[in-house]
Amino acid sequence: MLKFNAMPENGAAAQKKPARRLGGASGRPARILAVANQKGGVGKTTTAINLGTALAACGLRVLLLDLDPQANATTGLGTAPGTREPDSYDLIIGEAALDEVVIETEVPDLFLAPTSMHLSGAEIELVQAERREYRLADALADALGGHTAPYDYVLIDCPPALGLLTLNALVAADGVLVPLQCEYYALEGVSHLVRTINRIKASFNNNLDIQGVVLTMHDRRNRLSGMVAEDVRNCFGSKVYETIIPRNVRVSEAPSHGKPVLLYDLRCAGAMAYAHLAREVVLRERDLDKMSIHQ
């Protein structure tokens, strides 16, 4: 059940201080999910922020790592880009450790590794770097290694491109969560992403798989949205979550206030959808854990 009673009225002070060094979370390794789609405007960052918030509200410790130079996840959680150093740029180029980068947010148990426009330079700097595809994986392994991790989930908000930053996220991740807009060209872009995931699985990360597909920006008044949703389910089957994120004004308004929609308006349709999505994610993860035990 979602509980936001303990949240402060103003999280500015909490956002300025680094997160304390944490003990164990759930007693198992952190589950790292890359929230990725090379197509922009599909609700990727919105999903990362609000899914992370909903998971934290369920009592799980969640880290949202902003790996998009646009820094929308950073601003969406109330932190101005460039005001916090070191950030994810320093993490990926190897000049800072994860615990030096992470800060607390207004949401209890939701932590943020912020970023800034400097991250755009990392694409160029990494070209000649050793183990360029593994820079993020190495950084996270150093911080999250062992069976007891400080977080239950690490959500990586990827840029809307399939460059070196997204490659690093996919190499570091256990699974990919794909937000998919209910519009005409949706499947066309995802087919390219699936091919990329398959290549990365073959060459860099044989554990990588699509954890789930989230249908976003669904307008039930629009017949096309329903047709696209049906096509996606026919294509991906059980990989598609039952929860559909609707088009919702409150979801669009929330980032301008530096808040997740679950904090901005808990009772709106978008907030409730992300709460249901979090429950599905947790249940699917439990099923995967059971499968791995029996194998």
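The values are calculated or read from the model by the stated rules, or taken from the named source; none is laboratory data. Please read these numbers as outputs of a predicted model, since none were measured by experiment. Every residue, glycine among them, receives a Cβ derived from its backbone with ideal geometry; neighbour counts consider all protein chains shown.
Quick check on ILE124: is it crowded, with 24+ Cβ neighbours inside 10 Å, farther than 25 Å from LEU263 by Cα and aliphatic (A, V, I, L, M)?
On the way: crowded, with 24+ Cβ neighbours inside 10 Å: no; farther than 25 Å from LEU263 by Cα: yes; aliphatic (A, V, I, L, M): yes.
Against the criterion (crowded, with 24+ Cβ neighbours inside 10 Å, farther than 25 Å from LEU263 by Cα and aliphatic (A, V, I, L, M)), ILE124 does not qualify.
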Where the second residue is among the basic types (Lys, Arg) and part of a loop (DSSP other than H, G, I, E, B) and the first is over 17 Å from CYS158 (Cα atoms) and modelled with pLDDT under 90 and lies in segment 185-210, which pairs have Cβ atoms under 9 Å and are six or more apart or on separate chains? TYR185/LYS39; ALA186/LYS39; GLU188/LYS39
Here is a list: VAL107, VAL101. Which entry is under 23 Å from ARG131 (Cα atoms), buried (at least 19 other Cβ atoms within 10 Å of the Cβ) and touching a strand residue (DSSP E or B) at 6+ places or on another chain (Cβ under 9 Å)? VAL101
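Specify the residue that is nearest to THR243 (Cα to Cα); the eligible residues are those in segment 137-192 that are of a type in the set (Phe, Trp, Tyr) and within 15 Å of the chain's Cα centre (by Cα). Lay out the reasoning, then the answer.
If we filter segment 137-192 for residues that are of a type in the set (Phe, Trp, Tyr), which is where we start, we get 151, 153, 184-185.
Narrowing the set further to residues that are within 15 Å of the chain's Cα centre (by Cα) leaves 151, 153.
Numbers: TYR151: 24, TYR153: 20 Å.
Ranking the candidates gives TYR153 first.
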Looking at (1) within 16 Å of LYS44 (Cβ to Cβ); (2) touching a residue at least 12 places away in the same chain (Cβ under 8 Å), find the lone condition where LYS239 falls short. (1)
Would you confirm whether or not segment 253-262 contains a residue that is within 13 Å of LEU215 (Cα to Cα) and of a type outside the set (Ser, Thr, Tyr)? no
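From GLY212, GLY237, GLY226, which residue is in a strand (DSSP E or B), of a type outside the set (A, V, I, L, M) and over 27 Å from GLY78 (Cβ atoms)?
On the way: GLY237 fails: in a strand (DSSP E or B); GLY226 fails: in a strand (DSSP E or B).
Of GLY212, GLY237, GLY226, the one residue that is in a strand (DSSP E or B), of a type outside the set (A, V, I, L, M) and over 27 Å from GLY78 (Cβ atoms) is GLY212.
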Sole miss for SER116 among (1) touching a Pro at 6+ places or on another chain (Cβ under 7 Å); (2) under 30 Å from LEU283 (Cβ atoms) is condition (2)
Listed by range, strands (runs of 3 or more DSSP E) wholly within segment 86-183 having at least 2 residues that are over 30 Å from ARG223 (Cα atoms) are 110-113, 153-157
Can you list residue pairs whose Cβ atoms sit under 6 Å apart, with the first residue in segment 78-102 being closer than 15 Å to LEU144 by Cα and the second being part of a loop (DSSP other than H, G, I, E, B) and not charged (D, E, K, R)? Count only pairs 6 or more apart in sequence or on different chains. ALA96/PRO86; GLU100/PRO86; VAL101/PRO86; VAL102/ALA19
Being touching a strand residue (DSSP E or B) at 6+ places or on another chain (Cβ under 9 Å), farther than 30 Å from PRO81 by Cα, surrounded by 14 or more Cβ atoms within 10 Å (Cβ to Cβ) and of a type in the set (Lys, Arg), is that true of even one residue in segment 199-219? no
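Out of ASP209, ASP265, I need the residue that is more than 17 Å from the chain's Cα centre (by Cα) and acidic (Asp, Glu). Which one? Explain how you work it out, then say what you get.
Details: ASP209 fails: more than 17 Å from the chain's Cα centre (by Cα).
Sole residue among the options that is more than 17 Å from the chain's Cα centre (by Cα) and acidic (Asp, Glu): ASP265.
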